[in-house]
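In what follows, a structure is listed as structure tokens, so that the remarks can point back to it.
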Amino acid sequence: MMSTESVLESGDEPCIRLEPLKNTHLPGKSTPTGGSCAVFVDSSPKVTANGVHDIEDRILRITGYYGYNPGYSSHRREDGSESHAETPGSETSMESRSFQTCVNTALKVLGGLLMVLCISSSWVGTTQVVKLTFQSFSCPFFISWFSSNWNILIFPIYYSGHVVTTREKQTPIQKFRECSKLFGEDGMTLKLFVKRTAPFSILWTLTNYLYLLALKKLTATDVSALYCCHKAFVFLLSWIVLKDRFMGVRIVAAIMAITGIVMMAYADGFHGDSFVGVALAVGSASTSALYKVLFKMFLGSANLGEVAHFLSTMGFFNLIFISCVPLILYFTRVEHWGSLSSLPWGYMCGLAGLWLVFNILVHVGVVLTYPILISIGTLLSVPGNAAVDVLKHEVIFSVVRLAATCIICLGFLLMLLPEEWDSVTLRFLATIADKKSEEHGEELTESSTHTRSRSRANGTVSIPLA
């Protein structure tokens, strides 16, 4: 910049004038036209903290730097970077989010493990109480009908939990009508009630009835193991009816389930109560699989409230339309009992309560935790029943039955593998192989460095071969 002393030395009367910058000459230079007045432009750079960013802005504007935006100097870029770097709030929020995610995952896993324990315990208790009930009251269809009527309580229990856990307050009628949209936009009519509920209620009753009949012929361990075959039947029906993805490992699991069924039937020879019991247990697993596939086909997108509504509706259907069957069996002497006061109401209410708890936990657990844990809870009922049979009833299992049970359980576990398990496994193995190769390379580098240091210490030089 030109100072005032140079202007006084020029011999002319100094004339200082302020005007805005209109050309691209550097600031402080005199105009080429000459004259007794030196033109000064008071556009001298404003010195800031670092004293350079305004000068840099002018140089960039004069030289026509490509992509230059006025006011975008390195100083401002540094300011911007500092502003982005100095945001502890964002880092804190990210850390809090990650911590909250970890906490939610841990709670979900712990809740799932607790749910597994409750499901397996309730199913083992249901099966064992049935065996105790049969000692004084051998009417399986009446027990199944009586227990299914308790499904009416599922929707009131759901509504009570909904009122406690949410701020939205709805009357029971409003909530019932809202969940009735499962049957259509117009809600539940008598025609839709019978059309939608009848098939599922019949399959539900057959599943429970055949399961109870099988418990009259076989031990609780054998029946619970054979019932686990329903997972394989669900896959086969979904593959055929719903056109689900084909998976070779699940085909292998289905073959293992069928092999276990054959071995279980062969354990005491293909005759007698054992063979009939195996057939009844497989029939129960088959009707359960058909129920699940039809539920997935027609009601697959239902939420928890709609499922509770549907199960209570099935309880009403069972009470209204299937009540005639126990009466028919009573008058035909197929299932005859004495007076109502002589019935073992304690065992029957305990059985119905455990069955109700099992059904609630299965449907609620799918929403609250991982579905795979619910399936594992059902599978753990097999060793649970085995422990009770051995310790309390002193049952001795043959080698063939043990092998058949293990094969069925292994096939059940294979059914739980996710659809993309093969690609996930390959990526995991590739990651392990990469880590091992990196560790081996680091070991070779360290060993070669150690060898060279020892050679230099001994005064020798190792020459690598070409």
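Annotations for the structure displayed:
- Every pair of residues 6+ apart whose Cβ atoms lie under 9 Å, when the first sits in the range 303-329 and is more than 19 Å from Thr189 (Cβ to Cβ) and without any contact (Cβ under 8 Å) to a residue 60 or more places away in the chain while the second is open to solvent by 10 Å² or more (accessible area, probe 1.4 Å) and assigned to a loop (DSSP other than H, G, I, E, B): Ile328/Val334
- Filtered residue count, the range 127-145, keeping only those that are in a helix (DSSP H, G or I) and either over 16 Å from Phe316 (Cα atoms) or open to solvent by less than 30 Å² (accessible area, probe 1.4 Å) (or both): 12
- Sole exception among (1) under 31 Å from the mean Cα position of the chain (by Cα); (2) within 29 Å of Ile202 (Cβ to Cβ) for Val163, by number: (2)
- Of all residues in the range 234-265 being in a helix (DSSP H, G or I) and over 27 Å from Leu402 (Cβ atoms), the one that is least open to solvent (accessible area, probe 1.4 Å): Ser238
- For the range 393-425, the set of residues classified as touching a residue at least 60 places away in the same chain (Cβ under 8 Å), over 15 Å from the mean Cα position of the chain (by Cα) and outside any helix (DSSP H, G or I) consists of His393, Val395, Phe397, Ser398, listed by residue number.
- Enumeration of residues in the range 364-374 that are open to solvent by 50 Å² or more (accessible area, probe 1.4 Å) and either closer than 19 Å to Leu311 by Cα or assigned to a helix (DSSP H, G or I) (or both): Val366, Val367, Leu368, Pro371, Ile372
- Taking each residue of the range 182-200 that is more than 18 Å from Met297 (Cα to Cα) and looking for partners that are open to solvent by 30 Å² or more (accessible area, probe 1.4 Å) with beta-carbon atoms closer than 7 Å, six or more apart or interchain, yields Gly187/Arg177; Gly187/Lys181.
Rundown of residues vs (1) over 24 Å from Met247 (Cβ atoms); (2) surrounded by 13 or more Cβ atoms within 10 Å (Cβ to Cβ), yes/no style:
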| position | (1), (2) |
| --- | --- |
| Leu343 | yes, yes |
| Gly353 | yes, yes |
| Leu356 | yes, yes |
| Ile376 | no, yes |
| Val388 | yes, yes |
| Ser398 | yes, no |
| Ile408 | no, yes |
| Leu413 | no, yes |
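The values are calculated or read from the model by the stated rules, or taken from the named source; none is laboratory data. Predicted, not measured: the structure shown is a model, and the values here were computed from it. For neighbour counting, all protein chains shown are included, and Cβ atoms are generated from backbone atoms with ideal geometry for every residue, glycine included. Side chains are part of the model used for accessible areas, which takes the heavy atoms of the whole protein and leaves out ligands, DNA and RNA. Shrake-Rupley method; radii C 1.70, N 1.55, O 1.52, S 1.80 Å.
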